[in-house]
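Enquirer: Here it is, the structure, as structure tokens.
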Amino acid sequence: LGHGGRDRTLSLHLAPYGVGQFLMVTRDITQIERLEHTRKDFVANVSHELRTPLTVLSGFVETLQDMGDALSDTQRDRYLDLMAQQARHMQALVSDLLTLSSLESTPNQEGGPVLVAALARTALAQAQALSDGQHAFDARLDEALRIRGQDTELASAVGNLLINAVRYTPAGGSITVVWESTPDGGAAYRVKDTGIGISPADIPRLTERFFRIDRSRSRATGGTGLGLAISKHVALRHDAVLDIQSTLGQGSVFSILFPPARVCPPGYKNKR
Ligand code: ADP
């Protein structure tokens with residue numbers, strides 16, 4: 001058939017066309033098939049991710065029902081804590097899924113000026129609460145640097161990178177957050193950690209939905225496996241790039257790099 005190369009799917013239709021003649025219509029449905037495959041994978045993954053906490057939760061409910069009286073107060077409290085933890089995990093999962101679906105279904109709007117420094121400060125407070133004094137934090141935020149964008153979307157991208165830095169940096173490590181202009185006239189949001197790092201082979205897969213290097217570590221820290229997929233999506237909707245630099249065992253730098261066209265000149269007013 002000439003073009004297309006290998007691994008392509010074509011649909012063929014033969015239709016009667018005049019007396020004794022047929023019309024053959026071929027359509028390249030490779031892309032449609034791939035999308036359908038991705039969709040099915042995603043549904044299977046979501047079901048699996050929800051089933052695990054649900055199984056644990058219903059297991060504890062049964063235990064409490066069956067041996068409620070035989071349990072000590074301490075045991076009962078422990079079970080209830082574990083149940084609450086599973087419920088929180090499901091809430092986080094559903095909330096991330098809703099964020100992803102809204103990113104996919106809403107048109108990309110122009111957006112007003114966003115003070116990323118303010119978003120970073122809010123995220124920093126949440127990250128510090130999660131760290132509970134186990135990490136040293138440093139922030140270098142350009143308070144005047146603004147970009148055109150969507151506040152809530154950027155807040156989740158900015159927050160995800162910081163929360164990950166806490167999750168994947170052992171106690172005693174340090175985390176630096178930077179919001180600055182770049183030499184080309186663009187802007188960069190960077191989160192640097194001295195954490196566990198990532199091997200070069202894993203880096204390209206990090207933004208896939210539900211990809212985790214260490215499933216149990218992600219789970220134990222409350223991760224849903226969707227944070228970086230969301231951050232990358234938000235970056236793309238702002239014409240930005242999510243850049244990941246890392247050295248295994250030494251730490252990582254996650255950056256969102258905005259092009260000059262997104263940066264608001266001084267005195268820029270919201271057009272809306
Ligand atoms: P999760 O909810 O599991 O953190 P993410 O999409 O945010 O999901 O991240 C995907 C995976 O990327 C994580 O499970 C972890 O293996 C890896 N990762 C993310 N951030 C870091 C980091 N700062 N240092 C090392 N590994 C990281």
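Enquirer: For the range 1-156, what is the accessible area per residue in Å² when the probe is 1.4 Å?
Expert: Solvent-accessible surface per residue comes out at 69 Å².
Enquirer: Using only protein heavy atoms and a 1.4 Å probe, report how much of K40 is accessible, in Å² to the nearest 10.
Expert: Its heavy atoms expose roughly 120 Å² to the probe.
Enquirer: Accessible area, 1.4 Å probe, largest first: how do T169, T122 sort?
Expert: Numbers: T169 5, T122 85 Å².
Per-residue accessible area, sorted high to low, gives T122, T169.
Enquirer: Modelling each spin label as a point 7 Å along the Cα-to-Cβ direction, I'd like the R205/M24 distance in nm, to one decimal.
Expert: That separation, rounded to one decimal, is 4.1 nm.
Enquirer: For labels at E33 and Q250 in the simple 7 Å Cα→Cβ model, what's the distance in nm?
Expert: It is 4.4 nm.
Enquirer: For labels at D73 and A136 in the simple 7 Å Cα→Cβ model, what's the distance in nm?
Expert: 4.3
Enquirer: Give the cross-link partners of K232 among the aspartates and glutamates, using a straight C-alpha distance below 15 Å as the criterion and excluding same-chain residues fewer than 8 apart.
Expert: Once the sequence-local aspartates and glutamates are set aside, what remains near K232 is D96, E104, E153, E208, D243.
Enquirer: Pull up all non-local amide H partners of T182: gap of 5 or more, or a different chain, and H-to-H distance under 5 Å with H placed in the peptide plane.
Expert: Hits under the 5 Å cutoff: A187, A188.
Enquirer: Going by average Cβ density within 10 Å per residue, which order do the peptides 73-79, 130-136 take, highest to lowest?
Expert: 130-136, 73-79
Enquirer: Nearest 0.05, what FRET efficiency do S181 and A129 give at R0 = 35 Å with Cβ-Cβ as r?
Expert: Numbers: r = 29 Å, r/R0 = 0.84.
Working from the Cβ atoms, E equals 0.75.
Enquirer: If I take every Cα pair under 8 Å that is 6 or more residues apart in the range 196-272, average their sequence separation and divide by the length, what percent do I get for the relative contact order?
Expert: Value for the range 196-272: 31 percent.
Enquirer: Provide the gained length on full extension for the span S11 to R88, in nm with one decimal, where the gain is 0.36 nm per separating residue minus the Cα-Cα distance. Numbers along the way, then the final one.
Expert: Details: separation 77, 0.36 × 77 = 27.72 nm, distance 4.59 nm.
Gain on extension, S11 to R88, equals 23.1 nm.
Enquirer: Same structure, new question: Of the listed peptides 65-71, 156-162, what is their order by residue-averaged count of other C-beta atoms within 10 Å, with the highest listed first?
Expert: 156-162, 65-71
Enquirer: With all protein chains present and a 1.4 Å probe, how do R190, R212 order by accessible area, largest first?
Expert: Highest to lowest solvent-accessible surface, that is R190, R212.
Enquirer: Sticking with this structure for a sec: Non-local amide H neighbours of I147 (under 5 Å, H modeled in plane, Pro and chain starts lacking H): which ones?
Expert: Here the answer is V114, V116, C264, since their amide H atoms fall under 5 Å of that of I147.
Enquirer: Per residue, how much space in cubic angstrom lies within the convex hull of the C-alpha atoms of the range 138-231?
Expert: Once divided by residue count, the hull of the range 138-231 is 122 Å³.
Enquirer: What's the longest uninterrupted piece of the chain once you rule out the GluC sites (Glu not before Pro) that are loop residues per DSSP with at most 16 other Cβ within 10 Å?
Expert: For GluC sites (Glu not before Pro) (loop position, at most 16 other Cβ atoms within 10 Å), the longest site-free span of the chain is 1-109.
Enquirer: When the helix-only estimate is applied to the chain (DSSP H runs of n ≥ 4, each -39,500 (n - 2.57), divided by the residue count), what is the mean residue ellipticity at 222 nm, nearest 500 deg cm²/dmol?
Expert: Theoretical 222 nm ellipticity from helices: -15500 deg cm²/dmol.
Enquirer: Ok, one more. Would you mind calculating the gained length between L98 and A220 on full extension (0.36 nm times residue separation, minus the Cα-Cα distance), in nm to one decimal?
Expert: Numbers: separation 122, 0.36 × 122 = 43.92 nm, distance 2.21 nm.
Full-extension gain reported as 41.7 nm.
Enquirer: Need one number: convex hull volume per residue for the range 224-272, Cα atoms only, in Å³.
Expert: Here the figure is 119 Å³ per residue.
Enquirer: In addition: Between D81 and T55, what's the calculated FRET efficiency when r is the beta-carbon distance and R0 is 25 Å? Round to 0.05. The partial results should precede the final answer.
Expert: On the way: r = 18 Å, r/R0 = 0.70.
Calculated transfer efficiency: 0.90.
Enquirer: On to the next question. So what does S47 come to for accessible area, using a 1.4 Å probe and Å² rounded to 10?
Expert: Per-residue accessible area (S47): approximately 60 Å².
Enquirer: At 4 °C and 1.567 mPa s, what whole-number value in µm²/s does Stokes-Einstein give for the translational diffusion of the chain, with Rh from the Kirkwood sum over Cα pairs? If you can, show how the numbers build up before the last one.
Expert: Values: Rh = 21.8 Å.
Roughly 59 µm²/s, to the nearest whole number.
The values are calculated or read from the model by the stated rules, or taken from the named source; none is laboratory data. A quick note: this is a predicted structure, and the numbers were derived from the prediction, not measured. Cβ: placed from backbone, ideal geometry, glycine included. Neighbour counts: every protein chain shown. Just so you know, the surface numbers come from the protein's heavy atoms only, side chains and all, with ligands and any DNA or RNA stripped out. Shrake-Rupley method; radii C 1.70, N 1.55, O 1.52, S 1.80 Å.
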